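Below is one structure, written out as structure tokens, with a few remarks after it.
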Amino acid sequence: MTGPRGVGKSSLISALIRELTQRGHRVAALLVDPSSPTSGGAVLGNRVRMPYLPDEVFVRSIWAESERSVPLRAAVSIELLEAAGYDYVIVETPGAGQVSTDTLRISDLVVVLMPLLGDEVQVIKAGMMEIGDIYVINKSDIPESELMYSYVKSLVKGKPVIKVSALYGTNLGELVNAVNQLLSSRRASGEQLKRRVERRRFVVEEALRELLEARLRSSLSKIHPSVLVERPNLIPEVISSLKASLVKSLSGGP
């Protein structure tokens with residue numbers, strides 16, 4: 001689940017979790033907390049906004065010193081939680097940036113939570129109109145929600161657009177049913193399997209990239225420390241070149 005700040009992602013996830021647990025499902029939530037660009041730290045405050053969840057629900061905030069490491073940690077966590085028998089793993093991401101882009105790659109399905117009128121240009125610029133499988137208008141008790149509903153319906157023809165109210169629990173069942181219907185369709189078509197294979201490939205690639213980057217940085221710091229200052233993009237360039245060579249080798253190229 002993704003969307004701009006302030007649209008009620010945490011509130012809606014809390015309401016969805018209660019709906020799913022009432023149906024007898026085991027649910028986990030992974031909440032991506034953006035880190036500070038200055039200190040590198042994160043408040044891990046999303047859990048504070050979800051205080052009244054059933055005890056059996058697994059909720060964890062995900063943070064890493066490197067922003068790019070967050071999706072890898074999320075992907076590994078998803079695999080572990082699925083192996084532990086959780087029926088649904090909900091991943092909440094901020095509404096823009098590399099964290100969201102990569103985290104969406106590891107998901108079976110993407111729900112985009114839309115703002116009310118006034119922020120639609122921000123949403124379009126962030127690319128959210130292209131990434132969603134289901135679009136949700138929260139705060140359906142507010143009159144402006146009808147205008148946003150009509151606006152989104154005109155942009156994402158053929159995709160579900162659902163009005164809900166996390167506060168009052170309105171239409172949560174409709175949202176859960178839409179999610180289940182789409183997941184069932186993807187299981188039947190093989191699309192879900194393809195996404196999960198891509199997720200495992202992503203885990204392997206990113207884990208190797210992190211390991212290689214750490215080794216290169218450590219070696220260069222000892223041998224030629226100034227090169228990292230003079231050429232800050234050197235390590236990504238080396239890794240990219242090695243990856244291209246490996247792909248060519250595995251594909252039978254010269």
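The values are calculated or read from the model by the stated rules, or taken from the named source; none is laboratory data. None of these values were measured; they are calculated from a predicted model. Here the Cβ positions follow ideal geometry from the backbone for every residue, glycine too, while neighbour counts run over all protein chains shown.
The table for this structure:
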read-out	value
Answer residue from segment 82-100, given it is within 19 Å of Gly6 (Cα to Cα) and not hydrophobic (A, V, I, L, M, F, W, C) and is modelled with the highest pLDDT among those	Glu92
Of the criteria (1) closer than 26 Å to Val76 by Cα; (2) in contact with a Lys or Arg (Cβ under 9 Å, 6 or more places away or on another chain); (3) at pLDDT 90 or above; (4) not basic (Lys, Arg), which one Val161 fails	(1)
Hits in segment 137-158 (condition: of a type in the set (Lys, Arg) and either in a helix (DSSP H, G or I) or touching a helix residue (DSSP H, G or I) at 6+ places or on another chain (Cβ under 9 Å) (or both))	Lys139, Lys153
Some residue of segment 238-254 being in a helix (DSSP H, G or I) and within 30 Å of Ser14 (Cβ to Cβ)	no
Only listed residue being hydrophobic (A, V, I, L, M, F, W, C) and in contact with a Leu (Cβ under 7 Å, 6 or more places away or on another chain), chosen from Leu183, Leu211	Leu183
Members of segment 137-193 found to be touching a Pro at 6+ places or on another chain (Cβ under 8 Å) and farther than 15 Å from Val7 by Cβ, listed by number	Ala178, Leu182
Neighbours by Cβ (under 6 Å, 6+ apart or cross-chain): first from segment 3-29, under 21 Å from Leu104 (Cβ atoms); second part of a loop (DSSP other than H, G, I, E, B) and modelled with pLDDT of 90 or more	Ile17/Val57; Val27/Val57; Ala28/Tyr86
Failed condition for Val111, given (1) buried (at least 17 other Cβ atoms within 10 Å of the Cβ); (2) modelled with pLDDT of 90 or more; (3) farther than 24 Å from Tyr151 by Cβ; (4) not polar (S, T, N, Q)	(3)
So Leu183, is it in the same structural domain as Leu72 (by TED's automatic domain parsing), in a helix (DSSP H, G or I), within 30 Å of Leu109 (Cα to Cα) and touching a residue at least 24 places away in the same chain (Cβ under 8 Å)	yes
Residue in segment 205-215 that is within 30 Å of Met114 (Cβ to Cβ) and out of contact with any Ser or Thr (no Cβ under 6 Å at 6 or more places or on another chain) present	yes
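Conditions (1) modelled with pLDDT of 85 or more; (2) more than 24 Å from Ile134 (Cα to Cα); (3) not assigned by TED's automatic domain parsing to the domain that holds Lys159, marked per residue:
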position: Arg26; (1), (2), (3): yes, no, no
position: Ala29; (1), (2), (3): yes, no, no
position: Val43; (1), (2), (3): no, yes, no
position: Ser77; (1), (2), (3): yes, no, no
position: Leu104; (1), (2), (3): no, no, no
